[in-house]
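Below is one structure; the comments refer to it alone.
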Amino acid sequence: MSAVKGTGDQADTLREMAREAKKNHQAENAQGGLSDQQGIRVISVTSGKGGVGKSNVVSNLAIALSAQGKKVLLIDADLGLGNLDVLLGLSPVYNLNHVLNGEKSLTEILIDGPAGIKIIPAGSGVQEFTSLGQHEKLKLLDELDMLEEQFDIMIVDTEAGISENVTYFTVAAQEIIVVVTPEPTSITDVYALIKLLATRYSEHHFKVLVNMAKDSEDALEVFRKLANVAGRFLDISLDYLGCVVKDDKVVEAVKRQKAVTELFPESEAATCFTTLAKRVIENTRKTRLKGNIQFFFRRFLDHPAGG
């Protein structure tokens, strides 16, 4: 056991050294007027509770972005109860757990999704990686580096709630989208998540996407409620990204294990996702970039458990 652990520690040290050298090279480029800011864009999509349709939002937004000409990588980061593959009717042989335990590389587990998106599936019913250790984080960072140049946008679908993995993946991203529904419990739970990320992890910028809204006015009212409470007690910036209306076609698509944007492209919900995708693309220049992928996941590593 000690020999194996020693080998793992040595590999982690080598990864850190290589990463530090790359970071120094990027700093030198920045001083010379060169920029690495045009790399992959990392977006984390999260929610305060389950049952708000977050994974459905993520998959359809990814497909809509791909339809707009973007190369999209979708990561199912619910390492214990991943379900993106089920939602889309896919049957992956391997998943992210196989990468974290050293059996496979990310490239080997990538699967093709609708409209040309690529998906990194998560395991289901496996407790081993529900709380990532330092070694697993370093390995994941190492693997993600190899995929950076292949994609324009990486969307991370976190698990619901406020677990350590949720905060790790969320803090790692350039942008944070929180999914909320008109239900009072959803608004309360999203506020709790935002408060945690703001007070403990110094995150101050969030985009709000309202799912299952009756109409656009209903969605704006949800946003106003959340913004009013956050404005009184937190020093943060909330931006309204848009909404997805409640649509029976979404329910039918889920039952058929298809994305509504793929199965019913003319539906109200699909139209909402197209609008959202355009808005995400238009917001690229307005994004408060934290750096390239090395920087995102360096932050991912630098936050110890519990703070």
| note | Expressed as a whole-number percentage, the relative contact order of the range 152-286 with C-alpha contacts under 8 angstrom and at least six residues apart is 18
| H204 versus S91, label points 7 Å from Cα toward the beta carbon: distance in nm? | 5.1
| note | Between the modelled labels at E149 and L81 (7 Å from Cα along Cα→Cβ) the distance in nm is 4.0
| remark: With a 22 Å threshold on alpha-carbon distance, the violating pairs from K104/K258; K49/K225; K118/K195; K54/K118; K54/K225 are K104/K258; K118/K195
| Peptides 224-235, 269-280, 243-254, 96-107 ordered by average Cβ neighbours within 10 Å, highest first | 269-280, 243-254, 96-107, 224-235
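Every read-out reported here was derived from the displayed coordinates using simple, explicitly stated rules and does not represent laboratory data. Bear in mind that the values here come from a model prediction, so they are computed numbers and not experimental data. So basically every Cβ, Gly included, is an ideal-geometry build from the backbone, and we count neighbours across all protein chains shown.
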